[in-house]
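> Have a look at this one.
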Amino acid sequence: MSQTAGAQSIPEATVTVAPANARPDDKTRRYDRQLRLWASSGQSALESARILVVSGGATSTSTLKNLVLPGIGAFTILDHFPVTYADAGNNFFLHIDGVGKNRAEEGVKHLAELNDSVKGTADIRDVNTLLDSDPDFFTSFTLVIAVNLVPATEDRLAQALRSGASTPREMVPLMIVRTAGLYAMIGTQIGEHTVVDAHAETPPSLRLDSAFPALLEYSRAVDLDALDSTDFGHVPWIVLLVKTLDNWRQTHDGQMPKTYAEKQELKKQLEKMRRRGDEENFDEAVAQAYRMWTPTTVPSETRDLLTDQSVTTLTASSPSIFYFLRALSLFVNQYGFLPLVPTLPDMHTTTSTYVELQNLFRAQAEQETLLFENCLKTTVEEVKGSWDERESLGLGRAEVKEFIRNAAGVRVFKGRKWGSVQPAEIVSALQNDLESGMLPAPAAVYSAFLASADFYGAHGRHPRPTDADNAELLQFATRRLTAGGWEGELPETVTTALGEIARAQGSDIPTTAALVGGMVAQEAIKFITRQYVPIAGTCMVDLIKSTTGTLPF
Amino acid sequence: MGDISLPTPIPAPAWPNRFQHVDTLLDAPGPSTDPEFVGGDAVKDFLRNHCKILVIGAGGLGCEILANLALMGFADIHVIDMDTIDISNLNRQFLFRPKDVGKPKAIVAAEFVMSRVPGTKVTPYFGKIQDKDESYYMQFNLVICGLDSVEARRWMNATLVGMVDEDNPESIKPMIDGGTEGFKGQARVIIPTMSSCYECSLDMLNKQTVFPICTIANTPRLPEHCIEWASVLEWPRVFPDKKMDTDDPDHIQWLYERASARAQEFKIEGVTWSLTQGVVKNIIPAIASTNAIIAASCCTEAFKIATSCAPSLNNYFMLIGTDGIYSYTFQHEQRKECPVCGGATIDIPVKKDWTLERFIEALAERQDIQAKKPSISVGTRQLYMQAPKQLEAKTRPNLEKKLSELVEDKDELIVTASSLPFNLTLKVQFKG
């Protein structure tokens, strides 16, 4: 698909982006705004990704647009239908001149021109024929996105991806998308997905409730009374908090403040140390006072992860991230917290004091990195036999530091089989929506999509806004929900959603397609880069109420 | 504009079933549709032949908005943008190609949309929103903003609110505003004077980090402090007569080298080329997918307002894509003391020992005011004037005086600034 290289053209995808301290090349300049989100590691993951989109309608091309622009490696559109006038009317990546030609080819033509370094392929075979003849075709991709397929075909595709994987870890993730008028549904089938960097917004713990020895010693050595007013106003808030807590514990048999009253008393002691009342460093310390009594813990999500079977039972073929997690569980068992991340927030103080403090944190982090490496060594020796292999296993010093920096943001998701949602789960979600009484009502819209699929299965067409079709939709929805334990008439949220889905007649509205295409692309980027946290469950989009809601299944 | 010729619309071809999908929403009402909605030809005729819509910005959001509006059937679209295309736009602004770098965004975008969707008329204006007056804005039924600056939004919002004539419902122009940052974004519907306006919600914006000058000059701790030192203090010192151009890589290179040297001197780590550029240009990460979501949300609402086919957003949609797909839809309340749509004066607490200069810093920092480089007067007495030069020089000595020496408690200060599209009245409340 590469076109002739012009003066401004972008180097091929194999060229790595320029390092952050060099003047950027054209490619880095082009991708600058996204590299600030997922860095060169995320970018190279994108550039190795091969994405299949099944069907070439408006939602499909809208999704692909958002993946071609940031520079995925390659994409394929699988679609055997010709472009109709209606297709050219709702799809920005088709043109009226292409009516009658193949929809995959026309879509690829207009998408590929967005980015010369992305390879686009049109496959004009019928998805169902291909599922019969060559199911391995589907497992050769990094990610498969199925858009507005017949439900039976969705099921077959999901089955092919499950059968094609020997373990959940190897299963190609599948995103299943349906749109109807102002409604849409985004579902997934994943085996196991690991997030290596969640980009959590909570800064790493400074562990001020149990200051490490060098920090405690440093803080004790600061004699506040001996300081002139300038120096006094520049004692960092971290030191003020460590001192205050230390003084408290020395007069309380080494105990931490526990009750609300004790915590307030501790805060008062901090305030009492002020000289003038408006010192900026004290303002900061008071705002951060809660850190004195907030115990440093291992986040519950991390704790759960460390006892997961994928971590407790390593095999020789486990990816490096599981070696790190296993080592982390040894570390946590021994020390009770995560290895220190030496990122200091800015604070009111002098340059030299700040640098001193930063050096203290760095030295401590360095020590803990060594302790962590011991745990890693033990792990490697248990499973592999030799620590000498660490570099080749992706467990080198640089990777260790990277892991420690992101440790609190590592997540492992286990997905479930597509089509395994039980009626009782839907009823329970519906009851939750009704009880909360708030927007949105995702379970109602979900029920409408199921009823619409049942209708399609029975008639081979989408429901229309007629009394007969509405009545039949209501029957399908009632049947499903009754099977899940629903008693009596269906709630208004469901009947409204059924009415809207009949009105929609399976239409792919350009704005709905664009919005869903954006959401699917965001999730695809998260799956591919293993950065940020992807959806766990099914997202229902309701553009009548201008809401989205995620169901847990 | 000289050699730039305006693109012309391509006549609508014979196009049966062009709106087959969209028509499902216009032919029949749904259960949530307003009972006054009459589906069919009249609403289609209004949308496709009469409705005039203005798009502000042809950048990340603007490109998406224009494409969506054309496909939804808005036939008379206008777009304003003052920028030209940069290579860093190409990762998301999908109407532009490498060959377009340097050309005006509004014109290239208009041309592209008209060629891809024949029959659509897009009228570009390559210039500033401030070039146009009320009579221009009055011709539109709706305005969608896809802007990246707070100042431009405040101006547009204040202009549309100011246009409202209670006796003329046509003077109320719904403004739909979108914004994104990384995986996050928001879309909102503003019905001037009837719902919360942009100014009402100014305090919801993420607080922009402002580094105090004394930190930058004397006690740098972060790499950002060193970069600010290079751009705010060193550049004007070394090049008193040359304006810094953050788009010029040679200028960034110079700042990067100066900042690196200073960082080394103070043993601060982390100054990079990329960070230097990010800090001096205040770069906000941006990706195609988030822009697609927010632009589509804006256009869905524009379509719903123009056709009444479904109730419109009331009035704020917030998206957070960093952790699953999470969004929150809520009604943002009008702020009684909003200087644009409320009109009351704002009480402002002032510490007694604050100098006028410190007070001016506080005006920039306060989230609900954000007045940069303000001029301040009380009654007819000028406390500090940014311009003209003579007046600035004459009022400059006041900067070092305490505000409590210049005005009385409860005095009302009039604040004007180029970032404020209106005069702000503040009532001083001296504290401790």
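> For segment A:225-242, which residues satisfy the criterion of being surrounded by 23 or more Cβ atoms within 10 Å (Cβ to Cβ), not in a loop (DSSP other than H, G, I, E, B) and not β-branched (Val, Ile, Thr)?
Just the residues of segment A:225-242 that are surrounded by 23 or more Cβ atoms within 10 Å (Cβ to Cβ), to begin with: A:235-242.
Still in the list and also not in a loop (DSSP other than H, G, I, E, B): A:237-242.
Within segment A:225-242, A:237, A:240, A:241 qualify.
> OK, next. Return the residues of segment B:377-432 that are under 19 Å from residue B:365 (Cβ atoms) and in a helix (DSSP H, G or I); say none if nothing qualifies.
B:399, B:403
> Out of curiosity, is residue A:411 charged (D, E, K, R), free of Cβ contacts under 8 Å to residues at least 40 places away in the same chain and out of contact with any Cys (no Cβ under 8 Å at 6 or more places or on another chain)? Working first, answer last.
On the way: charged (D, E, K, R): yes; free of Cβ contacts under 8 Å to residues at least 40 places away in the same chain: no; out of contact with any Cys (no Cβ under 8 Å at 6 or more places or on another chain): yes.
When the stated conditions are applied, residue A:411 does not pass them.
> Could you tell me how many of the residues in segment A:24-48 are surrounded by fewer than 22 Cβ atoms within 10 Å (Cβ to Cβ) and assigned to a loop (DSSP other than H, G, I, E, B)?
Within segment A:24-48, residues that are surrounded by fewer than 22 Cβ atoms within 10 Å (Cβ to Cβ) and assigned to a loop (DSSP other than H, G, I, E, B) number 1.
> Follow-up question, since we're still on this one. Would you check if there is a residue in segment A:404-421 being closer than 30 Å to residue A:150 by Cα, assigned to a helix (DSSP H, G or I) and touching a strand residue (DSSP E or B) at 6+ places or on another chain (Cβ under 9 Å)?
In the first step, residues of segment A:404-421 are kept if they are closer than 30 Å to residue A:150 by Cα; the result is A:413-421.
Going one step further and asking which of them are assigned to a helix (DSSP H, G or I), we end up with none.
Within segment A:404-421 (the criterion being closer than 30 Å to residue A:150 by Cα, assigned to a helix (DSSP H, G or I) and touching a strand residue (DSSP E or B) at 6+ places or on another chain (Cβ under 9 Å)), the answer is no, since none of the residues qualifies.
> Which of (1) at the interface with chain B (Cβ under 8 Å from one of its Cβ atoms); (2) in contact (Cβ under 8 Å) with a residue 60 or more places away in the chain; (3) in a loop (DSSP other than H, G, I, E, B) does residue A:117 not meet, given it meets every other one?
(1)
> Kindly provide the set of residues from segment B:244-277 that are at the interface with another protein chain (Cβ under 9 Å from one of its Cβ atoms) and of a type outside the set (A, V, I, L, M, F, W, C), ordered by number. Can you show your working first?
The initial filter retains those residues of segment B:244-277 that are at the interface with another protein chain (Cβ under 9 Å from one of its Cβ atoms), namely B:249, B:252-253, B:256, B:260, B:266-269, B:271-275, B:277.
Correct list: B:249, B:253, B:256, B:260, B:267, B:269, B:272, B:274, B:277.
> Scan segment B:387-405 residue by residue and report those that are crowded, with 16+ Cβ neighbours inside 10 Å and touching a helix residue (DSSP H, G or I) at 6+ places or on another chain (Cβ under 6 Å).
B:398, B:403
> Can you list residue pairs whose Cβ atoms sit under 8 Å apart, with the first residue in segment A:230-254 being away from chain B (no Cβ under 14 Å) and basic (Lys, Arg) and the second being surrounded by 14 or more Cβ atoms within 10 Å (Cβ to Cβ) and part of a helix (DSSP H, G or I)? Count only pairs 6 or more apart in sequence or on different chains.
A:243/A:219; A:243/A:220
> Could you please give the count of residues in segment A:532-544 that are buried (at least 24 other Cβ atoms within 10 Å of the Cβ), assigned to a strand (DSSP E or B) and facing chain B (nearest Cβ under 7 Å)?
Qualifying residue count for the region: 1.
> I need the full set of residues from segment B:303-343 which are touching a residue at least 60 places away in the same chain (Cβ under 8 Å), surrounded by 17 or more Cβ atoms within 10 Å (Cβ to Cβ) and among the charged types (D, E, K, R), in order please.
The answer is B:335, and nothing else.
> Now, a different point. Quickly run through segment B:372-386 and pick out the residues that are without any contact (Cβ under 8 Å) to a residue 12 or more places away in the chain and surrounded by 12 or more Cβ atoms within 10 Å (Cβ to Cβ).
B:385
> If the Cβ limit is 8 Å and pairs must be 6+ apart or interchain, which residue in segment A:336-357 that is within 15 Å of residue A:230 (Cβ to Cβ) and not assigned by TED's automatic domain parsing to the domain that holds residue A:236 pairs with which residue that is aromatic (Phe, Trp, Tyr) and assigned to a helix (DSSP H, G or I)?
Note: pairs meeting the criteria are A:348/A:237.
> Need the failing condition index for residue B:280 against (1) among the β-branched types (Val, Ile, Thr); (2) surrounded by fewer than 17 Cβ atoms within 10 Å (Cβ to Cβ); (3) within 19 Å of the chain's Cα centre (by Cα); (4) more than 9 Å from chain A (Cβ to nearest Cβ), just the number.
(2)
> Now a separate question. Could you tell me whether any residue of segment B:324-332 is farther than 30 Å from residue B:77 by Cβ, facing chain A (nearest Cβ under 8 Å) and among the aromatic types (Phe, Trp, Tyr)?
Yes: one or more hits.
> Give me a count of the residues in segment B:289-328 that are among the aliphatic types (A, V, I, L, M) and either on the phi > 0 side of the Ramachandran plot or part of a helix (DSSP H, G or I) (or both).
Filtering segment B:289-328 for residues among the aliphatic types (A, V, I, L, M) gives B:292-296, B:302, B:305-306, B:310, B:313, B:318-320, B:325.
Narrowing further to those that are either on the phi > 0 side of the Ramachandran plot or part of a helix (DSSP H, G or I) (or both): B:292-296, B:302, B:305-306.
The qualifying residues number 8.
> Then there's this: Only residues that are farther than 21 Å from residue A:547 by Cα and either exposed (fewer than 14 other Cβ atoms within 10 Å of the Cβ) or under 33 Å from the mean Cα position of the chain (by Cα) (or both): list them for segment A:480-504, please. Working first, answer last.
First pass over segment A:480-504, keeping only residues farther than 21 Å from residue A:547 by Cα: A:480-490.
The answer is A:480, A:481, A:483, A:484, A:485, A:487, A:488, A:489.
> Residue check: is residue A:547 under 21 Å from residue B:25 (Cβ atoms) and at the interface with another protein chain (Cβ under 8 Å from one of its Cβ atoms)?
Working: under 21 Å from residue B:25 (Cβ atoms): yes; at the interface with another protein chain (Cβ under 8 Å from one of its Cβ atoms): yes.
Judged against the criteria, residue A:547 is a match.
> Of the residues that sit in segment B:80-128 and are more than 14 Å from chain A (Cβ to nearest Cβ) and of a type in the set (Gly, Ala, Ser), which one is farthest from residue B:54 (Cα to Cα)?
B:127
> In addition: Return yes or no: is residue B:367 polar (S, T, N, Q), surrounded by fewer than 17 Cβ atoms within 10 Å (Cβ to Cβ) and part of a loop (DSSP other than H, G, I, E, B)?
Values: polar (S, T, N, Q): yes; surrounded by fewer than 17 Cβ atoms within 10 Å (Cβ to Cβ): yes; part of a loop (DSSP other than H, G, I, E, B): yes.
So residue B:367 fits the description; yes.
> Does segment B:92-116 hold any residues that are more than 23 Å from the chain's Cα centre (by Cα) and closer than 21 Å to residue B:11 by Cβ, and which are they?
Of everything in segment B:92-116, those that are more than 23 Å from the chain's Cα centre (by Cα) and closer than 21 Å to residue B:11 by Cβ turn out to be B:111, B:112, B:113, B:114, B:115, B:116.
> Another question about this same structure. Given the conditions (1) within 23 Å of residue A:522 (Cβ to Cβ); (2) in contact with a His (Cβ under 9 Å, 6 or more places away or on another chain); (3) part of a loop (DSSP other than H, G, I, E, B), which single one is not true for residue A:141?
It fails just one condition, (2).
> Scanning segment A:412-429 for residues that are at pLDDT 95 or above and surrounded by 14 or more Cβ atoms within 10 Å (Cβ to Cβ), which turns out nearest to residue A:198 (Cα to Cα)?
Taking the candidates together, the pick is A:418.
> Looking at A:104, A:86, A:74, A:146, can you tell me which residue is crowded, with 20+ Cβ neighbours inside 10 Å and out of contact with any helix residue (DSSP H, G or I) (no Cβ under 8 Å at 6 or more places or on another chain)?
Details: A:86 fails: out of contact with any helix residue (DSSP H, G or I) (no Cβ under 8 Å at 6 or more places or on another chain); A:74 fails: crowded, with 20+ Cβ neighbours inside 10 Å; A:146 fails: out of contact with any helix residue (DSSP H, G or I) (no Cβ under 8 Å at 6 or more places or on another chain).
Step by step, each of A:104, A:86, A:74, A:146 is checked, and only A:104 is crowded, with 20+ Cβ neighbours inside 10 Å and out of contact with any helix residue (DSSP H, G or I) (no Cβ under 8 Å at 6 or more places or on another chain).
> Follow-up question, since we're still on this one. Kindly indicate whether any position in segment A:520-531 is surrounded by fewer than 24 Cβ atoms within 10 Å (Cβ to Cβ) and within 7 Å of chain B (Cβ to nearest Cβ).
Scanning segment A:520-531 turns up no residue that is surrounded by fewer than 24 Cβ atoms within 10 Å (Cβ to Cβ) and within 7 Å of chain B (Cβ to nearest Cβ).
The values are calculated or read from the model by the stated rules, or taken from the named source; none is laboratory data. All values derive from a computational prediction rather than experimental measurement. Glycine gets a Cβ as well: all are built from the backbone with ideal geometry, and neighbour counts include every protein chain shown.
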